[in-house]
1. Hey, can you tell me all the residues within segment 54-68 that are in contact with a Leu (Cβ under 6 Å, 6 or more places away or on another chain) and surrounded by 12 or more Cβ atoms within 10 Å (Cβ to Cβ)?
2. Among the residues in segment 18-27, are any hydroxyl-bearing (Ser, Thr, Tyr), crowded, with 16+ Cβ neighbours inside 10 Å and more than 30 Å from LEU125 (Cα to Cα)?
3. Quick check on segment 103-114. Is at least one of its residues among the small types (Gly, Ala, Ser), more than 10 Å from the chain's Cα centre (by Cα) and not in a strand (DSSP E or B)?
4. Do any residues in segment 59-78 that are farther than 24 Å from LEU2 by Cα have Cβ atoms under 8 Å from those of residues that are part of a strand (DSSP E or B) and charged (D, E, K, R), where the two are at least six apart or on different chains, and which pairs are they?
5. Can you name every residue in segment 70-97 that is within 17 Å of LYS39 (Cβ to Cβ) and of a type in the set (Val, Ile, Thr)?
6. Pull up segment 20-60, narrow it to residues that are assigned to a loop (DSSP other than H, G, I, E, B) and closer than 17 Å to ASN104 by Cα, then point me to the one that is farthest from the chain's Cα centre (by Cα).
7. Does segment 28-43 contain at least one residue that is β-branched (Val, Ile, Thr) and buried (at least 16 other Cβ atoms within 10 Å of the Cβ)?
8. Do we have any residue at all in segment 93-106 that's under 23 Å from GLY42 (Cα atoms) and of a type in the set (S, T, N, Q)?
Amino acid sequence: MLVSTTTVIARYAETDQMGIVHHSVYPIWYEAARSDFCKKAGLPYSKMEESGVLTPLVELHCKYIRPAHYEEEIEIKTKISKLTPVKVEFSYEVFKKGETTPINTGTTLHALVGKDLRPINTKKLHPDIYQVMEDCMQEDA
């Protein structure tokens, strides 16, 4: 199973008056980590979009466990947790660098659609793209 690790440093603009990373930042970090995951899997978003496959967000779940603070180094572990021919779910675990207990966990669910924004069966219409995503879920990836 491919698990990608993306590192970010909490910026001042991402914090509130208390110096705590604002809750709205985590989905942005998820997006950065998801893009990084896809690139590492050999299937960057730009390549998918050129092929006619778009991945609009349809659900977002985000659990806040402990806060992150300004200038802390943060690691986001990303993997594909569910896959069907018409949707893909990514899971995220957010850690302070060097720690083993996550400070945040979440998932994003994305539809697999064509340029007309209608769901498509990627397994049939884009088997190469579907295969890359399926391979990422295999234990030996």
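We did not get these values from a lab; they are worked out from the coordinates using the rules stated. It should be emphasised that the depicted structure is a prediction, and the values quoted were computed from it without experimental measurement. Here the Cβ is made from the backbone with ideal geometry for all residues, glycine too, and neighbour counts use every protein chain on show.
1. VAL58
2. Within segment 18-27 (the criterion being hydroxyl-bearing (Ser, Thr, Tyr), crowded, with 16+ Cβ neighbours inside 10 Å and more than 30 Å from LEU125 (Cα to Cα)), the answer is yes, since at least one residue qualifies.
3. yes
4. ALA68/LYS96; GLU72/LYS96
5. Correct list: ILE76, THR78, ILE80, VAL88.
6. This residue is HIS22.
7. No, segment 28-43 has no match at all.
8. No, because not a single residue in segment 93-106 is under 23 Å from GLY42 (Cα atoms) and of a type in the set (S, T, N, Q).
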